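Chemist: The following block contains the structure, expressed as structure tokens.
The values are calculated or read from the model by the stated rules, or taken from the named source; none is laboratory data. Everything numeric in this text was worked out from a predicted model, so none of it was measured. We place every Cβ from the backbone using ideal geometry, glycine too, and count neighbours over all the protein chains shown.
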Amino acid sequence: MSAVVETKNLTKRYREKLAVNALNLTIEEGEVFGFLGPNGAGKTTTILMLLGLTEPTSGEVSVCGFNPTHQSIEVKKRVGYLPENPGFYDDLSARENLLYMARLNRIPEDEARRRTTEVLDQVQLADDGRRLVKEYSRGMKQRLGIDPDGAIRILELIQDLNRQHNITVMLSSHQLQQVQQICSRVGIIVKGKLIVQGAMDALGRAILKGREWNFLLEVSGQAEGIDRDLQGINGVDEVEKRSHGWFLRCTEDVRREVLSVVSRRGLSLLQLRSEDPTLEEIYLKYFREA
Ligand SMILES: Nc1ncnc2c1ncn2[C@@H]1O[C@H](COP(=O)(O)OP(=O)(O)OP(=O)(O)O)[C@@H](O)[C@H]1O
Ligand SMILES: [Mg+2]
């Protein structure tokens, strides 16, 4: 198998619970792949199988050409894993936790000390850095794990790693906007089954057959109540207020009808443009049906 990650009918059963159900996943070298799915869909279970941290019930899995179950050391040598809740040692202080992690990552001691101070300061834990993590509130632990600005920086870092070093990335996330920003392909897993996988734009076309017409309308003038008129047009499924206008989800091309509503109300048209389905649309469609 030449792909970086390849699974064939990968299945994990916890007693009667089918956590991952015949998953066929392919991630090629150099890709940034978004792995999406609602709570309990099987994302973490899949990742644990890819890392050799839990054994598949059946099916095949290969990571960098190795079998994670039998060659887990080879896989771990080649794969970095950033878990959703980085575990901290409760009986160490925040500072000691960070220093310990730095040591594991072979960061030289004085650099580690300098960066620990810097990072604690950044997440506003400088004053609490010497307290034991077990005394921390949930929010403090989250900040120690990663601050919100940090999330953006991590995404940039992922993108840099991918572009500069051709590192293949699998990103499992609920943050659709972010996934959409950096992923070239996505897979959506629901109830253990991969219901769709492909390039962002192709997914949009394939999935939203029934309501593929999306428009953004912006007008100037007295537009109160225009929602009702728009909603009344045949083929308009949903009208959603956006900061600068209305987003229309439609089953057909309704631009002429929209224009006639605008002129009937004596408004001026600022823009009426078609919008590609966003990942959010795709996601919502599937997650509603899940
Ligand atoms: N160790 C376990 N023993 C029994 N059932 C488990 C175990 N781990 C996971 N499951 C079940 O398998 C299913 C998939 O769980 P998993 O953690 O893979 O979902 P997830 O997609 O990562 O969800 P989330 O988005 O909430 O993290 C769930 O129904 C879960 O309850
Ligand atoms: Mg999970």
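Chemist: Would you check which residues across segment 56-108 are farther than 19 Å from residue 161 by Cβ, within 23 Å of the chain's Cα centre (by Cα) and away from ligand 2 (no atom under 16 Å from the Cβ) and list them?
Modeler: Residues satisfying the conditions are 61, 62.
Chemist: I would also like to ask the following. If the Cβ limit is 8 Å and pairs must be 6+ apart or interchain, which residue in segment 20-32 that is over 17 Å from residue 78 (Cα atoms) pairs with which residue that is part of a loop (DSSP other than H, G, I, E, B) and within 16 Å of ligand 2 (Cβ to nearest atom)?
Modeler: Partner pairs satisfying both residue conditions: 20/42; 20/192; 21/42; 21/191; 21/192; 23/42; 23/192.
Chemist: What are the residues in segment 62-79 that are in contact (Cβ under 8 Å) with a residue 40 or more places away in the chain and among the aliphatic types (A, V, I, L, M), if any? Working first, answer last.
Modeler: Narrowing segment 62-79 to residues in contact (Cβ under 8 Å) with a residue 40 or more places away in the chain: 62-65.
63 - this is the single residue of segment 62-79 that is in contact (Cβ under 8 Å) with a residue 40 or more places away in the chain and among the aliphatic types (A, V, I, L, M).
Chemist: How many residues, within segment 115-139, are surrounded by 16 or more Cβ atoms within 10 Å (Cβ to Cβ) and either of a type in the set (Asp, Glu) or in a loop (DSSP other than H, G, I, E, B) (or both)?
Modeler: The qualifying residues number 5.
Chemist: Moving on. Starting from segment 220-242, take each residue that is without any contact (Cβ under 8 Å) to a residue 60 or more places away in the chain and under 17 Å from residue 267 (Cα atoms) and list its partners that are basic (Lys, Arg) and surrounded by 15 or more Cβ atoms within 10 Å (Cβ to Cβ), counting only C-beta distances under 8 angstrom and pairs at least six apart or across chains.
Modeler: These pairs meet every condition: 221/265; 222/265; 223/265; 226/265; 229/265.
Chemist: Show the residue pairs that are 6+ apart or on different chains and have beta-carbon atoms under 6 Å apart, the first residue being within segment 152-181 and modelled with pLDDT of 80 or more, the second being among the charged types (D, E, K, R).
Modeler: Close Cβ pairs (under 6 Å, with a partner that is among the charged types (D, E, K, R)) amount to 168/29; 168/31; 172/43.
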